[in-house]
Amino acid sequence: MQKELDALGLPVAVGILGVNGSGQESGNAGACEGRDIPWLQEIPAEPVWARWQVAYRDVIVLDEDNVPLVAYNLTAHDLRDPAAYEELKSILVKAAGGGATPCRAPPT
């Protein structure tokens, strides 16, 4: 999907990356195996999972200021289903075009 989004020449660049929750470090090797997206490890000093109210397998779409716009769960929406794949891609395209609005404010 990253290559497809890059090819669209959107007004705002889209970067897809993974963020592993603090305390889940033992799963990093398996999560990265055979994949090429950037993978970040959350640290206690920067608890984004809590701040963004992340559920396991959520895709959190952020605006240019890292404010969450949409949470899209991959357990509920399997990307092997072409409709789910296109739905997520559409969400990302809309966010990169400036048409999305926040669905929930991050906790302060």
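Each Lys or Arg adds one and each Asp or Glu subtracts one; over the other residues with Cβ under 12 Å from the Cβ of E42, this totals -1. For semi-axes √(5λ) of the Cα gyration tensor in Å, one of [x] 20, 15, 12; [y] 22, 18, 13; [z] 22, 18, 9 was computed from the structure I shared and the rest are decoys. Which label? Correct label is [y].
Protection proxy ranking of 75-81, 60-66, 49-55, by the mean of other Cβ atoms within 10 Å over each peptide's residues and highest first, is 49-55, 60-66, 75-81.
Can you tell me the accessible area per residue over the chain, all protein chains present, probe 1.4 angstrom, in square angstrom? Before the final figure, lay out the partial values.
On the way: 7120 Å² over 108 residues.
Computed with neighbouring chains in place, this is 66 Å² per residue.
Where both residues lie in the chain, what percent of DSSP beta bridges are antiparallel, nearest 5?
On the way: 6 of 9 bridges.
Around 65 percent of the beta bridges assigned by DSSP in the chain are antiparallel ones.
Surface composition of the chain: carbon plus sulfur atoms hold 56% of the accessible area, using a 1.4 angstrom probe and ignoring ligands, DNA and RNA. Over the chain, DSSP H runs of length four or greater, each weighted -39,500 (n - 2.57), average out per residue to a 222 nm ellipticity of -7000 deg cm²/dmol.
The values are calculated or read from the model by the stated rules, or taken from the named source; none is laboratory data. Note that the structure is predicted; figures quoted are calculated from it, not measured. Counting neighbours? That spans all protein chains shown, and the Cβs are built from the backbone with ideal geometry, glycine included. The protein model used for the area step is the full one, side chains on, heavy atoms only, and it has no ligands, DNA or RNA in it. Shrake-Rupley method; radii C 1.70, N 1.55, O 1.52, S 1.80 Å.
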